[in-house]
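Here is the structure we will look at.
The values are calculated or read from the model by the stated rules, or taken from the named source; none is laboratory data. These numbers come from a predicted model, not from an experiment. All Cβ positions, even for glycine, are placed from backbone atoms using ideal geometry, and neighbour counts span all protein chains on display. All accessible areas refer to the heavy atoms of the entire protein, side chains included, with ligands and DNA or RNA removed. Shrake-Rupley method; radii C 1.70, N 1.55, O 1.52, S 1.80 Å.
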Amino acid sequence: MRETEWPTLGLLGACYLLWLGVTAFHQQIGYLLAVPILILTLTQFSSLQHEVLHGHPFRSARLNEATVFLPLGLWLPYRRFRDLHLRHHRVPTLTDPQDDPESFYLPVTRWQLVGAAMRRVLAVNNTLLGRMMIGAALALVAFLVAEIRALAVGERAVRTAWGVHLLGLVPVVAWLWWTGFGVTPYLLAVYLSFSLLMIRTFLEHQAAETPEARTVIIEHGGPLALLFLNNNLHAVHHERPSVAWYRIPAIYRRERARYLDRIGDYRYRSYWDVFRRYLLTPKEPVLWPLDPQRS
């Protein structure tokens, strides 16, 4: 019999209660407090959506979707997140921008088309500060352009995902309207929550020759470990994506030597180490280093 995943259910309940409470009582607590709480809540909710798409907390996929389909973060349909992320897990060539929907690299063919100004923007985006400031905007634009193209050619799954998303937006927007929560502060919270998630995705994968060495371990996640649901131990998650988030640290502690050998020691001690190294310094080139067309 499958265990009841109380940690996941508890976090889901906490997110909804915080979202309802902060939006309803924003006048009493003020936007200076409401917006930061919302940023953390929306970030945690996105991490929970990631947990849910991997088959938690219930056996039923429909029941799981029901727990997170409301688009509190407004812009990303859950079903599109699910389909693209599961595709990311299935591709044998992680980081290949032609196959991996979550790659931040560009292929040679795309690199040759962007102008000098855009190349500078993308170089800035490969620093951690740049990724947090403009990475969310770049990712959002790229995602919407791809979605519009998919809708234009009549992809049924994409159309259905956006239909469900728009239905979910109705109660979310209605609640925000009824509570009088300002459009600008809410959109600010949405964007900054996405920026916060960029810390996690910044170096989850690298273009290493060995596929196993393309996924990172950040050994001490600190407060961000809970916010990202232990995805700082990303190599464990990629090897065992069906394992609940709260069981990942114990697996890593038990098999640490094997994991470090498997990933070629692609690890960092902490997120502070990541900030120290890459806040203003590009971690990698924009052009995919493994592209066979690269001269």
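At-a-glance table
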quantity	calculated
Note, ³J(HN,Hα) from phi for segment 217-232, Karplus 6.51, -1.76, 1.60, rounded to Hz, x at Gly and Pro	10, 10, 5, 10, x, x, x, 6, 4, 5, 4, 9, 6, 6, 6, 5
Label-point gap, in nm, between L9 and I29 - each point 7 angstrom along Cα→Cβ	2.5 nm
Alpha-carbon Debye profile of segment 170-295, log10 I(q)/I(0) at 0.12 Å⁻¹	-0.59
At 0.890 mPa s and 25 °C, Stokes D of segment 1-155 from Kirkwood alpha-carbon radius, µm² per second	135 µm²/s
Protein accessible area in segment 180-295, 1.4 Å probe - carbon and sulfur %	57 percent
Probe 1.4 Å, protein heavy atoms only - accessible area per residue of the chain in square angstrom	51 Å²
Kirkwood estimate for the chain, i.e. one over the average of 1/r between Cα atoms, Å	20.3 Å
Additional length obtainable on full extension of the chain from L86 to D261, 0.36 nm per residue less Cα span	60.5 nm
Amide proton proximity set for L70, modelled H, under 5 Å, gap of 5+	none
Amide hydrogen neighbours beyond the local backbone of T215, cut-off 5 Å, H modeled	Q206
Cβ-Cβ FRET estimate between R247 and T160, R0 fixed at 30 Å, reported to 0.05	0.40
About the Cα centre, charge dipole magnitude for segment 141-272 (Lys/Arg +1, Asp/Glu -1 at Cβ), debye	260 debye
